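Presented below is the structure to which this report refers.
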Amino acid sequence: MTEDLAANLVRVRARIADACAAAGRRPEEVRLVAVTKTHPAAVVLRLASLGVRDIGENRDQEAAPKAAQVAAAGVDVRWHFVGQLQRNKCRSVAGYAHAVHSVDRVPLVGALARAAADRGRTPDVLLQVSLDGDPRRGGCLPADLVPLADEVASQPALRLTGVMAVAPMDWSPERAFALLADVAAGLRASHPQATAISAGMSHDLEAAVAHGATHVRIGTALLGNRPSLG
Ligand SMILES: *Cc1c(COP(=O)(O)O)cnc(C)c1O
């Protein structure tokens, strides 16, 4: 398993490097976030031993105990919360997340800020954008992005760092990530610190890197198919 993982990691890093070369970008500009949902803490420890220190999770119920196990093993990783966030989970998420990629509405901002302040932490916040306006998969409308960013920027316990999106199912990744790049540029006009673009998963990381992704969130290409949650 560690050998598979090591080989998969080499392949993913090569894909990122090739995509950067094609886009005239430096590979250091793109951070690999390994999404370990459904995989146990032992997988996170193996990733860390291979030099992958950015770990993504999408459900607090799973992430919180996993983060505790990894910390108990004395291994330091950066946790990225990438799943839909509920207000009642903010307290828990603020306890371990170094970055929250999925802030998409104003009520979450106060809840996350209070929780972070109570714990003396200042997580990075990326605002999730719904590129097709379908609210079921999370994300705010592009038109609501600047007011949401203003809220985050007004909170001393949160660091506004950028935007995140998932390509809509029936769109080409190129179309999705080109729109996200436009939205991100628009946001930087009023919030120049918001330079991060979290975009791209196992099947579409090349398109994301071509359109300026600074974080790619990779699960299956590293870890294989997830067991179904059925
Ligand atoms: C699971 C997940 C990923 C990783 O997806 P893969 O296709 O397995 O690479 C990325 N982003 C989010 C929000 C996810 O939930």
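Things worth noting here:
- Relative to the Cα centre, the charge distribution of segment 13-106, modelled as +1 at Lys and Arg Cβ and -1 at Asp and Glu Cβ, gives a dipole magnitude of about 120 debye.
- Each of K37, K66 has some number of other Cβ atoms within 10 Å of its Cβ, and from fewest to most they run K37, K66.
- Calculated FRET value between S190 and R159, using beta carbons and R₀ = 22 Å, to 0.05: 0.85
- Residues whose amide H comes within less than 5 Å of that of L141, counting only those at least five positions distant or on another chain, are S130 (H built at 1.01 Å from N in the peptide plane).
- V10/Q61 FRET efficiency (R0 41 Å; Cβ-Cβ; nearest 0.05): 0.80
- About the Cα centre, charge dipole magnitude for the chain (Lys/Arg +1, Asp/Glu -1 at Cβ), debye: 580
- Burial ranking of peptide ranges 144-153, 8-17, 21-30 (average Cβ count within 10 Å, highest at the top): 144-153, 8-17, 21-30
- C-alpha center-to-center spacing [segment 100-130, segment 170-199] in angstrom: 19
- Label point 7 Å beyond Cα of D182 along Cβ direction - residues of segment 131-157 with amide nitrogen under 14 Å: 131-133, 142-143
- Cβ crowding within 10 Å, taken as a proxy for footprinting-reagent exposure, orders M201, M169 from fewest neighbours to most as M169, M201.
- Inter-label distance for R175 and R53, nm, one decimal - labels placed 7 Å from Cα along Cα-to-Cβ: 4.0
No value in this document is a laboratory result; all are computed from the given coordinates. As the structure is a computational prediction, the values presented were derived from the model and not from experiment. Cβ atoms come from the backbone with ideal geometry, glycine included; neighbour counts cover every protein chain shown.
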